[in-house]
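Structure first, then comments.
The values are calculated or read from the model by the stated rules, or taken from the named source; none is laboratory data. A quick note: this is a predicted structure, and the numbers were derived from the prediction, not measured. Counting neighbours? That spans all protein chains shown, and the Cβs are built from the backbone with ideal geometry, glycine included.
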Amino acid sequence: MATNEQEPKVTLHWLNQSRSQSIVWLLEELKINFDIKLYHRNKQTMFAPPELEKVHPLGKSPVVVITPPGGSAEPIVLAESGYMANYLCEHFPEGRRLVPQKWKEGMEGKIGGETEAWLRNQYFLHYSEGSLMPYLVLSLVISRLKQPPVPFLIRPITTAVANRIISSYIFPNIYRHIKFLDQQLSTSGGRYICCDHLTPADIILSFPLFSAKDALDNMGQWEGGSWKKEFPRVADYVNHLQNEEGYKKSTQTIAKVDGPNTEVAPKM
Ligand SMILES: N[C@@H](CCC(=O)N[C@@H](CS)C(=O)NCC(=O)O)C(=O)O
């Protein structure tokens, strides 16, 4: 863990079943020494504990706090996964390995001079939270209308309303996203979303995909009966990310500090 006076001290504020698992993966890929401060969701409400608000006013996780070496400056508090990924990759040397080369030869600083892989990495870091996650969160919240604590007697009505919202609004949008990801994977030039190697975008995208993968089939009609049959390329991608050494190692890291039964990925 980080104690060297020459190195910045990095602390990840980690919450069970949250995006913070992707940040463990990213910090390890970047070979950064970091401490982990654990938080657990309230089992009834699933909210983060209020102590997280002392780290960042929104009280969400992940948050990364970096204290520059030698007390030279104030600690920097990073929230928002995509922003955090960009900041960490810019300031730690291994970021150069993960982030694709920015400029095409001879096109430095010009509009349109960026490589396709670099543009994709930037795009997908924003896409994950800005476009994909909102439908998954909506689906999670609306699905709660079908379960306790909604009283048994009114549950048939709330279930009908929930199913209607899912079939008319949420599923068509989620379908559009899986189809889009399939098309993007078919043109990325490799097994990853930006190019032929792992990038921060893959790591950040892994959270929505791991969270949704078991729930997608129940949301609507897929050709062949399942999303994996209709979009095997996306299924292969998700499987491939789950089998990445770095992801597996990140789950072991958390198991070591939070115990072997800790839940890292949320279930929708
Ligand atoms: N847009 C933020 C999302 C942060 C967020 O919503 N985190 C969730 C966990 S994945 C959280 O802390 N939930 C607990 C709560 O809302 O109380 C990011 O990209 O990091």
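Quick look at the numbers
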quantity	calculated
Conditions (1) under 20 Å from the mean Cα position of the chain (by Cα); (2) of a type in the set (D, E); (3) assigned by TED's automatic domain parsing to the domain that holds P134; number of the one not met by E223	(1)
Restricting segment 165-213 to residues that are hydroxyl-bearing (S, T, Y) and part of a loop (DSSP other than H, G, I, E, B), the residue that is farthest from the ligand (Cβ to nearest atom)	T187
Single unsatisfied condition, E51 versus (1) surrounded by 19 or more Cβ atoms within 10 Å (Cβ to Cβ); (2) within 12 Å of the ligand (Cβ to nearest atom); (3) over 22 Å from M268 (Cα atoms)	(1)
Extreme residue, farthest from the ligand (Cβ to nearest atom), among residues of segment 11-31 that are among the β-branched types (V, I, T) and in contact with a Leu (Cβ under 7 Å, 6 or more places away or on another chain)	V24
Close pairs (7 angstrom Cβ cut-off, 6 or more residues apart or separate chains): farther than 13 Å from V234 by Cβ in segment 203-219, charged (D, E, K, R) and not in a helix (DSSP H, G or I) anywhere	F207/R19; D214/K267
Cβ-Cβ under 9 Å pairs, at least 6 apart or on other chains, segment 255-268 side over 22 Å from N218 (Cα atoms) and not assigned by TED's automatic domain parsing to the domain that holds H40, far side exposed (fewer than 11 other Cβ atoms within 10 Å of the Cβ) and among the polar types (S, T, N, Q)	A255/N261
Residues of segment 64-74 classified as surrounded by fewer than 18 Cβ atoms within 10 Å (Cβ to Cβ) and either within 13 Å of the ligand (Cβ to nearest atom) or at pLDDT below 95 (or both), total	7
Selection status of L26, assigned to a helix (DSSP H, G or I) and buried (at least 21 other Cβ atoms within 10 Å of the Cβ)	yes
